[in-house]
Amino acid sequence: MQSDRPDRPERTAPATGWPAEPADPDTAVAPWPPGRVPGPRRRQAEILAAVMAGGVLGACARYGAGLLWPTAPGAFPWTTFWINVTGSAAMGVLMVLITERTTAHPLVRPFLGTGVLGGYTTFSTYTVDARALFLDDRAGTALLYLAATLAGALFALWAGAGLTRRLALPRDARTGGGA
């Protein structure tokens, strides 16, 4: 159906969820306060600040977990393993929620995804732990740890995303939307 007035194009429902997101939502920061359009340097600074603030929180959570559940030298590094697995599951949940179920503020993904979860998960410590196991002549444990962490993290990401898709109602079901 076309509009009767060429100066007023027909209104359609705005895109929501994934179609509403830009190709890379980390690079499209909405102006705040509304009406002010920040320049590219300001946008980059906002993204960087969000990543840094989130990274501090995630790294502190990881550090706290290491203090609560320390790993003895030469032992299987369970704390690092579970940090990486739970962080990967949280990433699966987060990405479904902010890309498929809601339209989040553009700084949510860099803050929570890159910052908090990037600071929380610790694949650098994963490699250091594996190296220490190899140096302690525990090659079998090191290889098991390397494979189990990778498989566990990928499975957790997949399971977190899949369960969130099943459990989190789509936007249309929540609002009673539809045509």
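Our coupling estimate for segment 103-115, obtained by passing each phi through the Karplus curve with A = 6.51, B = -1.76, C = 1.60 and θ = phi - 60°, is 9, 8, 4, x, 8, 5, 5, x, 5, 7, x, 6, x Hz, Gly and Pro reported as x. Quick one: Debye curve from the alpha-carbon atoms of segment 33-89 only, equal weights, vacuum; give me log10 I(q)/I(0) at q = 0.13, 0.27 Å⁻¹ to two decimals. Computed log10 I(q)/I(0) values: -0.53, -1.07. Computed from backbone phi with θ = phi - 60° and the Karplus coefficients 6.51, -1.76 and 1.60, the 3J(HN,Hα) list for segment 76-93 is 4, x, 4, 4, 5, 4, 6, 4, 5, 5, 5, x, 5, 4, 4, 5, x, 5 Hz; x is used for glycine and proline. Converting phi to 3J(HN,Hα) with the Karplus coefficients 6.51, -1.76 and 1.60 and the offset θ = phi - 60°, segment 130-145 yields 5, 4, 4, 5, 4, 5, 8, 6, 10, 4, x, 5, 5, 5, 4, 4 Hz in sequence order, with x at every glycine or proline. Shape of segment 82-122 from its Cα gyration tensor (a ≥ b ≥ c, root eigenvalues): rounded if a/c is under 1.5, otherwise prolate when a/b > b/c, or oblate? Oblate, since a/c reaches 1.5 and b/c is not below a/b.
Every read-out reported here was derived from the displayed coordinates using simple, explicitly stated rules and does not represent laboratory data. Remember, predicted model here, so these are calculated numbers, not experimental data.
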